[in-house]
Each structure stands twice: as C-alpha cells, then as structure tokens.
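Let me begin by presenting the structure, written as structure tokens, before commenting on it.
The values are calculated or read from the model by the stated rules, or taken from the named source; none is laboratory data. Small disclaimer: the values here were computed from a predicted structure and weren't measured. Backbone-built Cβ (ideal geometry, glycine too); neighbour counts: all protein chains shown.
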Amino acid sequence: MKSSAIVLLILGLGAVGAWGVLVHNGVIHGTSVALIREAVIHDAAAGEPGDGQYVVFYSPSHNLEREDARVIRSAKHSIDAALYSATDWELCGALADAAKRGVKVRVYRDRDQFTEEAERAHGRMTCVERLVGGGVVVKVKADRVLMHLKSYAGDGKLLRTGSANVSPSGEKQQDNDVVFLTSTAAAKGFEAEFATLWSRSDNELVKE
C-alpha cells in the first residue's frame with residue numbers, strides 16, 4: 001500500500017454521534033463518519049481518484065437511502081448501475097433527474113425482480129418506467145439465473161456496493177450494509193463487468 005493511501009475503518013454507526021477511525025500514513029486520527037462521508041463524496045464529485053478511501057454504512061441504524069441519493073446527485077458524467085431490485089422511489093427519481101441533467105445513466109436489471117415489480121404495481125407507474133421516462137437506458141437480463149448485484153459506478157471514480165437493495169426496506173429497515181469506495185481501480189473493475197452484462201445479445205431493452 002502506498003504511504004499516501006488512506007484507509008477508513010468504520011467501528012460503529014449509531015443514530016447519533018457515529019464515529020470511525022482514519023488511518024493515514026500509519027497515524028490514527030479520530031473522525032466522525034459524517035466528515036468521512038463528505039470527504040469521500042467530495043473527492044468523487046471533484047474527479048479525484050482518492051484511491052484507498054472508503055466508507056461503510058449499516059441500516060437500519062443509518063438511512064442508506066440518504067447516502068445513495070447524495071452520491072447519485074453528485075454524479076457529473078455517468079452512472080452505470082446493476083440493480084437486483086429497483087423500487088425505491090426516491091433513488092429512482094434521483095437517477096432519472098441525473099439523466100435529465102445530462103448524465104449518462106444505464107441500469108441493468110434482474111429478470112424475475114423486474115417482472116414481479118411490474119405485476120405488483122397493478123397499473124401504477126413503476127420505478128423502471130420512471131427511469132425510462134427520465135431518459136435512463138434500462139436493460140433486463142433474459143436468463144432467469146439471478147442478476148443479484150446491488151452496485152453502481154459514478155463518473156468512473158466511485159463504486160457503490162454492499163448488500164442493500166435499492167428498495168425502501170433494503171435501504172432503511174433491513175440489516176444491510178453499503179460501501180462507497182472512492183477508487184478508480186474499483187470503479188473500472190465494475191465497469192468492465194458491467195460492460196459484459198450490458199452486451200449480452202439476449203438482453204431486453206425497456207422502452208416507454
């Protein structure tokens with residue numbers, strides 16, 4: 001590891017006064033999770049690699065929807081997302097708004113979840129319909145073998161991953177984690193895998 005690398009070890013997340021530890025050049029500094037989050041997101045938004053910086057949040061003690069929305073709204077150029085579930089109205093709106101302001105947004109979906117979400121809507125607008133209406137390009141995997149990723153890359157600089165689905169319960173109620181890595185290498189690794197998923201010849205392109 002380079003001497004300039006920054007490693008963030010999150011020790012605990014409470015509803016109030018959550019704290020973590022920042023290790024920089026072998027020196028340990030106490031710092032708040034809020035400050036870590038701002039540093040990571042600032043680096044991503046500014047287009048700086050920031051390799052070695054990451055932050056971890058846990059629900060339900062922390063509202064993951066708020067963190068995802070903040071990161072999505074900071075994107076300037078591109079968002080590629082592989083989403084097993086997509087029912088969180090706030091986050092689908094944030095992705096649609098990003099596309100409307102000129103960000104290239106692509107979303108890849110699991111077949112069964114996509115079908116179930118449409119059936120449960122009973123004629124109401126789904127999150128995917130909101131995405132497509134906002135200019136997001138959405139493809140659905142044809143094979144019924146699960147596309148179980150809950151990840152996205154922003155601007156080729158930041159990777160979001162973890163167990164939390166993009167659903168209200170996954171983001172705010174269930175026992176889940178989400179990890180934001182400000183890392184060009186991590187983002188590019190995901191982008192390479194996303195390109196493979198996106199280029200499958202039997203994918204379904206969702207149209208309005």
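Report yes if Ala164 is closer than 11 Å to Asp80 by Cα, at pLDDT 95 or above, of a type in the set (Gly, Ala, Ser) and touching an Asp or Glu at 6+ places or on another chain (Cβ under 9 Å), otherwise no.
No.
Where the second residue is of a type in the set (D, E, K, R) and surrounded by fewer than 23 Cβ atoms within 10 Å (Cβ to Cβ) and the first is within 16 Å of Ser199 (Cα to Cα) and at pLDDT 95 or above and lies in segment 74-85, which pairs have Cβ atoms under 6 Å and are six or more apart or on separate chains?
Asp80/Arg106
Any idea which of (1) of a type outside the set (A, V, I, L, M); (2) at pLDDT 95 or above; (3) within 15 Å of the chain's Cα centre (by Cα) is the one Thr182 doesn't satisfy?
(2)
Being on the phi > 0 side of the Ramachandran plot and touching a strand residue (DSSP E or B) at 6+ places or on another chain (Cβ under 6 Å), is that true of even one residue in segment 162-174? Break it down stepwise before answering.
We begin by selecting, within segment 162-174, every residue on the phi > 0 side of the Ramachandran plot; these are 162.
From the residues that got through so far, the ones that are touching a strand residue (DSSP E or B) at 6+ places or on another chain (Cβ under 6 Å) too are 162.
Yes; the residues of segment 162-174 include at least one that is on the phi > 0 side of the Ramachandran plot and touching a strand residue (DSSP E or B) at 6+ places or on another chain (Cβ under 6 Å).
When you scan segment 170-208, how many residues do you find that are surrounded by fewer than 13 Cβ atoms within 10 Å (Cβ to Cβ), touching a helix residue (DSSP H, G or I) at 6+ places or on another chain (Cβ under 8 Å) and over 25 Å from Val145 (Cα atoms)?
Number of matching residues: 1.
Condition first: more than 20 Å from Glu65 (Cα to Cα) and touching a residue at least 12 places away in the same chain (Cβ under 8 Å). Can you find one or more residues in segment 145-153 that meet it?
Let us first name the residues in segment 145-153 that are more than 20 Å from Glu65 (Cα to Cα), namely 145-147.
Retained after the next criterion (residues that are touching a residue at least 12 places away in the same chain (Cβ under 8 Å)): 146-147.
Yes, segment 145-153 contains at least one residue that is more than 20 Å from Glu65 (Cα to Cα) and touching a residue at least 12 places away in the same chain (Cβ under 8 Å).
The rows are residues; the columns are (1) of a type in the set (A, V, I, L, M); (2) buried (at least 20 other Cβ atoms within 10 Å of the Cβ); (3) in contact with a Leu (Cβ under 9 Å, 6 or more places away or on another chain).
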residue	(1), (2), (3)
Pro60	no, no, no
Asn63	no, no, no
Ala99	yes, yes, yes
Glu129	no, no, no
Gly133	no, no, no
Val145	yes, no, no
Leu149	yes, no, yes
Thr161	no, no, yes
Pro168	no, no, no
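Considering every residue within segment 116-124, establish whether at least one is in contact with a strand residue (DSSP E or B) (Cβ under 9 Å, 6 or more places away or on another chain) and either within 19 Å of Leu64 (Cβ to Cβ) or surrounded by fewer than 16 Cβ atoms within 10 Å (Cβ to Cβ) (or both). First the steps, then the outcome.
As a first pass, look at segment 116-124 and keep what is in contact with a strand residue (DSSP E or B) (Cβ under 9 Å, 6 or more places away or on another chain): 117.
Filter again for either within 19 Å of Leu64 (Cβ to Cβ) or surrounded by fewer than 16 Cβ atoms within 10 Å (Cβ to Cβ) (or both), leaving none.
The answer is no, given that none of the residues of segment 116-124 is in contact with a strand residue (DSSP E or B) (Cβ under 9 Å, 6 or more places away or on another chain) and either within 19 Å of Leu64 (Cβ to Cβ) or surrounded by fewer than 16 Cβ atoms within 10 Å (Cβ to Cβ) (or both).
Checking Glu208 against (1) outside any helix (DSSP H, G or I); (2) of a type outside the set (Phe, Trp, Tyr); (3) modelled with pLDDT of 95 or more, which test does it fail?
The number of the failed condition is (3).
List the strands (runs of 3 or more DSSP E) inside segment 71-186, counting only whole elements, that have at least 1 residues being more than 14 Å from Val206 (Cβ to Cβ).
Values: elements: 78-83, 104-109, 137-140, 150-154, 158-162, 176-182.
So the answer is 78-83, 104-109, 150-154, 158-162, 176-182.
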